[in-house]
Structure formats: C-alpha cells, structure tokens
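Working notes, structure below.
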C-alpha cells in the first residue's frame with residue numbers, strides 16, 4: 001500500500017510540474033552572462049520576475065514553446081526584488097497567483113532554469129513564513145535554489161503560485177518573495193500604467 005501511495009504521489013508531482021512549466025519563461029539581458037526565470041501572470045503578455053534578473057536592457061523573454069520576445073520593463077522595485085515585464089504576445093498560459101500564503105508543511109515545487117538547465121523542477125516543503133527587518137515577506141522552503149531559479153514560480157499542490165523564487169538563506173533553505181507581496185506590487189504597477197490611459201481617454 002505504501003508503495004502505491006508513493007507511486008501516485010510521484011505521478012501527481014510530475015504532472016503538476018509539467019502543467020506549471022507552461023507558464024514558466026526564460027529571462028535574460030542581452031550582453032550579460034547568465035539567465036533567470038519569470039512567470040506569465042496574464043494571458044496578454046505580463047511576466048513577473050525578480051528585479052535582480054533584469055538589471056539592464058534589452059530584456060529578452062523566451063516562452064516554453066520556444067518563441068522569443070524583447071520585453072518592456074513596466075516596473076522594477078529593487079527593494080522588493082520584483083519586476084513586471086510586458087511582451088508582445090496574447091493568449092498565453094498564465095499561472096494563477098494564490099489568494100493566501102502557504103501553510104508550513106505544504107508541498108511545493110520550485111521551477112526555473114538553474115545553471116542553464118531548462119525548466120528544472122525541485123520539490124520541497126514550506127518550513128515557514130518570515131518577515132525581514134526591511135518588512136519584506138518571504139516563504140521559506142527546504143530546497144536549494146540556484147542561479148537561474150530566480151524569478152521562477154514556487155507553486156503549491158494546486159498549481160498556484162505561492163512565491164517567487166529568489167535567494168538562499170542557508171545551506172538547505174531557499175526563500176521566495178511571498179505571493180502577497182507579489183500581488184501588491186502587480187496591483188501598484190498596473191495602476192500606474194492604467195491611470196495615464198484613463199486620463200487620455
């Protein structure tokens with residue numbers, strides 16, 4: 001019976017990772033070494049990533065289907081380590097942002113391109129939530145994030161984004177920007193861009 005449960009868990013986690021990969025993108029800056037990751041958060045071409053992934057221009061985004069685009073940086077906040085990009089594509093497979101933070105003990109999957117390995121998946125468990133001295137909220141997980149994971153999604157068992165993979169805080173502990181912080185950042189940046197359009201209309 002135990003073997004059957006493990007096999008089912010393995011199948012379910014593999015299927016979860018495969019589904020989430022559709023909303024994972026590769027992000028790079030022309031002329032700079034290394035790449036990062038990003039998350040499609042709206043079918044009309046909105047991509048969320050870490051600010052430290054896009055410290056220059058032009059920014060190039062490659063989709064899971066191989067198409068590449070030059071991205072416009074709509075907003076970048078180094079303090080929050082978040083950035084929003086816009087690419088010229090429609091009907092993209094967006095990932096859903098979770099409505100709440102994950103509970104300690106929750107199974108999660110971190111997706112990204114660590115060391116250039118395309119669309120790699122790492123499985124772990126949420127060890128807790130943390131707020132640092134600057135007031136930034138983090139989701140802590142017992143898995144290793146590597147260069148190339150930054151900006152990629154940390155997803156829960158339902159395939160919802162619960163964090164944005166960012167840094168290692170210890171030998172075995174990775175930290176992701178919380179989904180609550182990501183939601184607030186997206187709302188602020190989109191409001192800044194919608195206000196001028198509304199005024200012009």
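Figures for the structure shown
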| quantity | calculated |
| --- | --- |
| Where residue 57 falls short, out of the listed (1) under 18 Å from the mean Cα position of the chain (by Cα); (2) assigned to a loop (DSSP other than H, G, I, E, B) | (1) |
| Meets criteria (crowded, with 24+ Cβ neighbours inside 10 Å, touching a strand residue (DSSP E or B) at 6+ places or on another chain (Cβ under 8 Å), in contact (Cβ under 8 Å) with a residue 60 or more places away in the chain and not assigned by TED's automatic domain parsing to the domain that holds residue 162) for residue 74 | no |
| Sole residue being touching a residue at least 12 places away in the same chain (Cβ under 8 Å) and either assigned by TED's automatic domain parsing to the domain that holds residue 19 or within 16 Å of residue 99 (Cβ to Cβ) (or both), chosen from 162, 141, 125 | 162 |
| Sole exception among (1) crowded, with 22+ Cβ neighbours inside 10 Å; (2) more than 25 Å from residue 29 (Cα to Cα) for residue 130, by number | (1) |
| Tally of residues being at pLDDT below 95 and crowded, with 23+ Cβ neighbours inside 10 Å across the stretch 50-62 | 0 |
| Test: residue in the stretch 146-156 that is farther than 20 Å from residue 61 by Cβ, touching a residue at least 40 places away in the same chain (Cβ under 8 Å) and part of a strand (DSSP E or B) | no |
| Index of the failed condition, residue 65 passing every other in (1) modelled with pLDDT of 95 or more; (2) part of a loop (DSSP other than H, G, I, E, B); (3) closer than 22 Å to residue 186 by Cβ | (3) |
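The values are calculated or read from the model by the stated rules, or taken from the named source; none is laboratory data. Small disclaimer: the values here were computed from a predicted structure and weren't measured. Glycine gets a Cβ as well: all are built from the backbone with ideal geometry, and neighbour counts include every protein chain shown.
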